[in-house]
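Below you'll find the structure, written out as structure tokens, and then a few comments.
The values are calculated or read from the model by the stated rules, or taken from the named source; none is laboratory data. Quick caveat: nothing in here was measured; it's all calculated off a predicted structure. A quick note on method: Cβ atoms are made from the backbone with ideal geometry, for glycine too, and the neighbour counts reach across all protein chains shown.
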Amino acid sequence: MKKLSILLTQKYRPLSVVAVLDVFQTVNDYYREAGSKPFFEIRVVTIDEKAQPDVFLGTYTPVPLRQAPQSDLILIPAFLSGDIPAYVKENAAFLPWLQQQHRQGAEVGSFCTGAFLLAASGLLDHKRATTHVTATHDLASAFPLIKVQPQAVVTDDQGIYTSGGATSTFHLLLHLIEKYCQRPIAVRIAKTFAIDMDRGKQSYFADWMPSRQHQDELVSEAQLRMEHRYRDRVTVEEVIRDLPVSRRNFIRRFKIATGVTPIEYLQRIRVEAAKKLLEQKQENITGVMMHAGYEDAKAFRQVFRKIVGLTPKEYREKYAG
């Protein structure tokens, strides 16, 4: 029987914990139905010595961290929305325990923004990882040794696992169940919970927001010009025409301030505008392309697919009302 520990972190997202418990309980039910013992011994672990079981935990009584035995697999739930760095500090007591458990053979996984706690343990250093698509930049900035994969739904790197945001939780759960229990059980879980097993990217869930967290006033001015003039097919040279900066130096400063090149920034602005029009279904795709600042249908389709993970037609079919 595999020993599974689910962390009840401070500021955990209840839905994240419920999803994990529900799926692994269902796996155990399958084994019982087949006349076998449950595959997983499930426990929830907390740093709060006085923690009382929440209603949704059912029969699970939280185990204090100091009493938690060795695990085969440890899973870290998503955090609530808010100050993630502060939440990581609140949960610092978990970090040495995670390191020790891993040294003794435990595999460790995180869901969504739980990746920040896993990252703080050092177990993600030099490994591939993902998190909620809107938090990947913050993860990469806070933990530069991690190989952040913004579009990945799930990562698996030497027994350390991460998932993207929200429903990506289920894709990591399927991955783990297939690894531990073989594919037929994973397929059965996918059917029971109506999970799409072949989703490979989370980029089409993202609403991109321009980065303003910098102090470079020249870059801020350039950003405003791009955002106001993207429909005019404005070029980088036109953006900086009367700004006191060379093209080469501007590109360098822009990338440092925003994390992307000026060309990528313009592409993302245009794609976001196109996504909103596609969702409204008021324009045909050619009209959407023109409104977004593109004249070449092939170029528009290629850029859109690169950033979003779907073609404009596929995106409209998926999200148009």
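Taking VAL271 as the residue in question, decide whether it is surrounded by 13 or more Cβ atoms within 10 Å (Cβ to Cβ), in contact (Cβ under 8 Å) with a residue 60 or more places away in the chain, outside the structural domain of ALA140 (by TED's automatic domain parsing) and under 25 Å from VAL153 (Cβ atoms).
yes
Six or more apart or on different chains, Cβ atoms under 8 Å: show the pairs whose first residue is in the stretch 108-119 and at positive phi and whose second is part of a strand (DSSP E or B).
Final answer for the pair search is CYS112/PHE79; CYS112/SER163.
With within 22 Å of ALA194 (Cβ to Cβ), in the same structural domain as HIS132 (by TED's automatic domain parsing), in contact with a strand residue (DSSP E or B) (Cβ under 6 Å, 6 or more places away or on another chain) and of a type outside the set (A, V, I, L, M, F, W, C) as the only criterion, which of PRO77, PRO14 stands out?
Result: PRO77 is the single residue among PRO77, PRO14 that is within 22 Å of ALA194 (Cβ to Cβ), in the same structural domain as HIS132 (by TED's automatic domain parsing), in contact with a strand residue (DSSP E or B) (Cβ under 6 Å, 6 or more places away or on another chain) and of a type outside the set (A, V, I, L, M, F, W, C).
Could you list, in sequence order, the residues of the stretch 226-265 that are more than 26 Å from PRO150 (Cβ to Cβ) and in a helix (DSSP H, G or I)?
Correct list: HIS228, ARG229, ARG231, ASP232, GLU237, GLU238, ARG247, ARG248, ASN249.
Does at least one position in the stretch 47-60 carry a residue that is touching a Ser or Thr at 6+ places or on another chain (Cβ under 9 Å) and at pLDDT 90 or above?
Yes, the stretch 47-60 contains a residue that is touching a Ser or Thr at 6+ places or on another chain (Cβ under 9 Å) and at pLDDT 90 or above.
Taking ARG66 as the residue in question, decide whether it is within 21 Å of TYR180 (Cβ to Cβ), surrounded by fewer than 19 Cβ atoms within 10 Å (Cβ to Cβ) and not assigned by TED's automatic domain parsing to the domain that holds GLY259.
For ARG66, the condition - within 21 Å of TYR180 (Cβ to Cβ), surrounded by fewer than 19 Cβ atoms within 10 Å (Cβ to Cβ) and not assigned by TED's automatic domain parsing to the domain that holds GLY259 - is not met.
So, ASP72, is that one of a type outside the set (A, V, I, L, M) and without any contact (Cβ under 8 Å) to a residue 40 or more places away in the chain or not?
It is false that ASP72 is of a type outside the set (A, V, I, L, M) and without any contact (Cβ under 8 Å) to a residue 40 or more places away in the chain.
Given the structure, is ARG128 out of contact with any strand residue (DSSP E or B) (no Cβ under 7 Å at 6 or more places or on another chain), among the charged types (D, E, K, R), modelled with pLDDT under 95 and not assigned by TED's automatic domain parsing to the domain that holds ILE256?
In short, no.
For residues that are modelled with pLDDT under 70 and hydroxyl-bearing (Ser, Thr, Tyr), scanning just the stretch 190-221, find the one that is nearest to ILE240 (Cα to Cα).
My answer is SER211.
How many residues does the stretch 287-321 contain that are surrounded by 15 or more Cβ atoms within 10 Å (Cβ to Cβ), among the charged types (D, E, K, R) and in contact (Cβ under 8 Å) with a residue 12 or more places away in the chain?
1
For a quick check of your reading: which helices (runs of 4 or more DSSP H) sit entirely within the stretch 276-321 and have at least 1 residues that are farther than 26 Å from HIS228 by Cβ and out of contact with any helix residue (DSSP H, G or I) (no Cβ under 9 Å at 6 or more places or on another chain)?
Here the list reads 297-308, 312-319.
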